[in-house]
1. With the contact rule set at Cα under 8 Å and sequence spacing of 6 or more, what percent relative contact order holds for chain C?
2. How far apart, in nm, are two points set 7 Å out from the Cα along the Cα-to-Cβ line at C:Asp233 and at C:Asp189?
3. Percent of Cα-Cα pairs more than 53 Å apart in the protein assembly as shown, please.
4. Over the Cα atoms of chain C, each weighted equally, I'd like the Debye log10 I(q)/I(0) at q = 0.07, 0.09, 0.12, 0.17 Å⁻¹, rounded to two decimals.
5. Just the number, please: percent antiparallel of the DSSP beta bridges in chain B, rounded to the nearest 5.
6. Among B:Lys56, C:Lys230, which comes first, second and so on when ranked by fewest other beta-carbon atoms within 10 Å?
7. Which number comes out as Rg/Rh for region B:273-383 once both Rg and the Kirkwood Rh are worked out on C-alpha atoms?
8. Grab the Cα-Cα distance for B:Thr37 and B:Arg379, subtract it from 0.36 nm times how many residues apart they are, and report the gain in nm with one decimal.
Amino acid sequence: MKQEKLLEVYQNNSVKISVRKGWCKSCGICVEFCPKDVLVPDNQGKPIPENIDACIKCSLCELRCPDFAITVEGVKEKDE
Amino acid sequence: MNNLKKGKNIKLLQGNEACAEGALLAGVRFFAGYPITPSSEIAENMARELPKIGGKFIQMEDEIASMAAVIGASIAGLKSLTATSGPGMCLKQENLGFAIINEIPCVVVNAQRGGPSTGLPTKPSQGDMMQARWGTHGDHPIIALAPSTVHEILTLTIKAFNFSEKYRTPVILLLDEVIAHMREKVEIPALEDIEVINRKKPTVPPEEYLPFKPDEDGVPPMANFGEGYRYHITGLIHNYKGLPTSNSQEIDAFIRRLYNKIQKNAKDIIMNEKYFLDDAKIALIAYGSVARAAERTVKLAREEGLKVGLLKLLTIWPFCFEEVNKLAQQVDLIIVPEMNLGQMVLEIERAAQGKCRVVPYNRVDGELINPIEILGKIREEIKK
Amino acid sequence: MKTVIDEYIRKAMFPNMWCPGCGNGIVLGAIIRAIDDLGWDKDEIVAVSGIGCSSRITGYVDFCSMNTTHGRALPFATGIKMANPDLKVIVVMGDGDCSAIGGNHFIHAARRNIDLTAIIINNMIYGMTGGQYSPLTPTGKFGSTAPYGNIDQSFDLAELAIAAGASYVARGTVYNPRQSTSLIKKALDKKGFSVVEIISDCPVSYGKMNKMKSPVDMLKWIKDITVSKKAWDGLSPDEKRGKYAIGEFLSKDRPDYTELYEEIIKKAQESGGNK
């Protein structure tokens, strides 16, 4: 359970997607309405950005998340 | 009106005017209300006087909204008043409970008229004594004061605000149609002679502030909204932070602390006056406009050689249990004249614990109880 | 990077108490993003709510906040604003809270045009108490107290607010969070009484009783029943049936109540008390 509170961070050289699993309630909204099908549900229904390279950083998943459980940030050259 | 100037000042005032005057002297700067007989003159006076001193008046869409606005204004830092009568008092109960649970200082005037329902809009009554105590649901404390002269309306309005600020609680001021509309001489004290108490503020920085953690006196310091202390207020039972709790220990401690905040300070809050009680064998216990008649009865009875005295209650809630208990050990008979079918007499019987006879004398016909009929009741009872 | 979550949310209260997929959290997000865009100081903001699931929003925001009694949020907020007009007062209500028990307060706050922003989360049902129909439940839909279908006609809250005198009126949805944020931002920035209705989803009450089992089903439905204001104006009455226009309906300038009261204070003081 404790592990669930951890922020899971997925990143490529353009975008960083963070999922706060402890706050996610597996509603499925982010997965369903992602315009580029970036997200797929894990076995608990929580999002994994499996196709992160397709992400266009529209942030709709973040804006539609009722639980503040997913965030999308652009990665700049100097960002870690 | 507008006597916020130096020096004392003698005026002929109506009861409702005196209430408005007292409120202004106590530092009231906000009034929200809704028109209702026999209290409307308080609103009218506040509407005229408040803006002169930079205060605010608003006539709300109903009594419920008036009570809500008064609480909101108090949280935002202004001493706030509302005034009503029975039907309006019924509607205020919901948000009165909110003020109690969130410990928001404010004063609610109930100029009592006959009830139930629309009842007798232009006639006096004391039918709301128990409503004042138990009107809003749940276990809760309350302070209620009952003046019997126009001058007392002024002084007790100031007291009501002082108690509400000191104990962070709403206070009910119980008038009745007679004293609300009566005109009498009022000696308005000089501003510098008036004791005005203001709510205590937190002394800790915002990040350490716990809005519902009491000091030793049971009262938490109160930060007004907009002063840099960001916190939550809710009608749900809450913890020290003001956030909802379902922890049974926290719930129990909260309700008991709220209750004891008033009960444990009852000695400070209870006020009454004694007339000819030192050698009395018969005591009258009265309050409000009936106490005026009772005072006269004592004089008439004494002229007949009857050892009658009067205990006049100024504080109705918390009830002066010990005082009445002591009195019951001294006298043979307590007579309780009330303009209701017997409400405070129930508390008096409880306090007397059977140590003397307790007899009610009641009128509910919209007429004031007069001194002669109380005297008649005394004569009738001593024959028994 | 400090996010709006770090800045405006009482994180210790999370995860929030709402059901999976509940739109309340989406509206909460839109509100704090709008405030962040405006760059408001947290110490100047007061959030006031009534009773219901949506009203729990005030417990989650790091402002001065107040979860009041059912339907009464607006009069509490009126008292706060009158007492200290420098405070920015936001009122969050549910559809039942605002339009049934609080209906009278709503029209009177609009009539006074007091400088408050009312955000109504319209999930068309009483969610917290178990799905009873509200004044915004569409005719023919089902609720736990409308087991044979609702025969009541629902309010158009935006029309009601306009008729009652509000300065700003708009409608958004939880499906369109970016638009909702923008509408809320304009409303917050508007002097006078501003109203933003956000059509939201209650999957467990409204959804369950109206053949939409999941939050996803509900958001798709919201997408289907809403049309932009511009498109709406071109629809026939028949085409409008069962649909909702979204966007900005009204933005006008009218003196706010607290400004008018300042004039009263001036008048009272100038006349020396003789009117």
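1. 18
2. 2.1
3. For the protein assembly as shown, the share of Cα pairs beyond 53 Å comes to 20 percent.
4. Listed by q, the Debye log ratios stand at -0.25, -0.40, -0.70, -1.39.
5. Beta bridges within chain B, antiparallel portion: roughly 30 percent.
6. Listing B:Lys56, C:Lys230 from fewest to most nearby Cβ atoms yields C:Lys230, B:Lys56.
7. Rg divided by Rh gives 0.92.
8. Roughly 119.4 nm would be gained on extension.
Each reported figure results from applying straightforward, stated rules to the coordinates on display, with no laboratory input. Small disclaimer: the values here were computed from a predicted structure and weren't measured. Please note: Cβ atoms are built from the backbone with ideal geometry, for glycine as well, and neighbour counts cover all protein chains shown.
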